[in-house]
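Everything below concerns the one structure shown next.
The values are calculated or read from the model by the stated rules, or taken from the named source; none is laboratory data. None of these values were measured; they are calculated from a predicted model. Neighbour counts run over all protein chains shown; Cβ positions are idealised from the backbone, glycine included. These accessible areas exclude ligands, DNA and RNA; they are computed on the full protein's heavy atoms, side chains included. Shrake-Rupley method; radii C 1.70, N 1.55, O 1.52, S 1.80 Å.
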Amino acid sequence: MRAFESDNLILSQLADPELLALERILEPLPLPRDFELVHLGMPVSHYYFLENGIASMVATSPEGRKAEVGVLGRDGMSPPALTVDAERFSFDVMMQVGGHGRRVEAGALAGFLDERPAVRRLLSRFLHTFFTQVASTALSNAVHKIDVRLAKWILMCHDRLEGQEIEITHEYMASMLGVRRSSVTDALHVLEGQHLIYSTRGLVIIRNRASLEAFAADAYNVPGITGHDWPQTSRRPLAMYR
């Protein structure tokens, strides 16, 4: 019998002996919105395996301007780093949509991985996929209009959450996408006009997932971005949201 069932895609792929050993050093905990998983310039003290909710990896300019450079959720581990002895981490990672998960102290994870190279390889594959996402997002920021970028971002959030609702404000979306609030409002109106979503204060509701994917097109449907290739857990598959 498995130690526990998890919606986290890394934990769900572990063999029973590995999961049982890891359970001894994992701590379940709630992860409310704005909870900091790691702060810019600080060492990584814990690694988090999200089971619900969304974390943002955020870059900050010397002038204090911020933009999201990566989205993390049940698809992997946060922060996305395996150099547990690094003195400083170069980004903020914080919860943008509250949820829950499990965390492990950095030193304990290092010891666990030293004895289990198969698990280290699994984490390395996640890191490769995550940084593919970062590169794809950088390309999208350069070549796609804001309404397409927003559609992609909404789909990425939807992949990591239960249900059709995303609790997020216009201001937060603007900050994460690195644009003005008015630009997000205009882009939401475009998506609403095509009956893809419904947006109200602090909430976005998916109305037509398949058409939203068609609108986002190659901004979303690339490895590292789309959730269609993820292993299935106890959650309903993406197709059931269509």
**OP:** Report yes if Leu155 is over 21 Å from Met95 (Cβ atoms), open to solvent by less than 20 Å² (accessible area, probe 1.4 Å) and in contact with a strand residue (DSSP E or B) (Cβ under 9 Å, 6 or more places away or on another chain), otherwise no.
**Re:** no
Subject >> Long-range neighbours under 6 Å by Cβ, at least six apart or interchain, first residue without any contact (Cβ under 8 Å) to a residue 60 or more places away in the chain within the range 116-128, second open to solvent by less than 80 Å² (accessible area, probe 1.4 Å) and assigned to a helix (DSSP H, G or I) >> reply: Arg120/Leu113
Original post:
Residues in the range 170-177: is at least one closer than 30 Å to Arg209 by Cβ and acidic (Asp, Glu)?
Top reply: yes
**OP:** Quick one: which residue in Glu51, Glu36 is touching a strand residue (DSSP E or B) at 6+ places or on another chain (Cβ under 8 Å) and surrounded by 21 or more Cβ atoms within 10 Å (Cβ to Cβ)?
**Re:** Glu51
Original post:
Residues of the range 1-31 being under 17 Å from the mean Cα position of the chain (by Cα) and open to solvent by less than 70 Å² (accessible area, probe 1.4 Å), which ones?
Top reply: Ser6, Asp7, Asn8, Leu9, Ile10, Leu11, Ser12, Leu31
**OP:** Would you check if Ile166 is under 19 Å from Gly53 (Cα atoms) and hydrophobic (A, V, I, L, M, F, W, C)?
**Re:** yes
**OP:** Among the residues of the range 98-120, count how many are open to solvent by 30 Å² or more (accessible area, probe 1.4 Å) and either farther than 16 Å from Pro80 by Cβ or at pLDDT 90 or above (or both).
**Re:** 13
Original post:
Restricting the search to the range 158-173, which residues are buried (at least 19 other Cβ atoms within 10 Å of the Cβ) and part of a helix (DSSP H, G or I)?
Top reply: His158, Asp159, Tyr172, Met173
Original post:
Hey, any hits in the range 84-94 for a residue that's in contact with a Phe, Trp or Tyr (Cβ under 9 Å, 6 or more places away or on another chain), over 30 Å from Ala214 (Cα atoms), assigned to a loop (DSSP other than H, G, I, E, B) and at pLDDT below 90?
Top reply: yes
Original post:
Of all residues in the range 139-152, which are modelled with pLDDT of 90 or more and in contact with a strand residue (DSSP E or B) (Cβ under 9 Å, 6 or more places away or on another chain)?
Top reply: Ala151
Original post:
Is it true that some residue in the range 121-133 is farther than 21 Å from Ile225 by Cα and open to solvent by 30 Å² or more (accessible area, probe 1.4 Å)?
Top reply: no
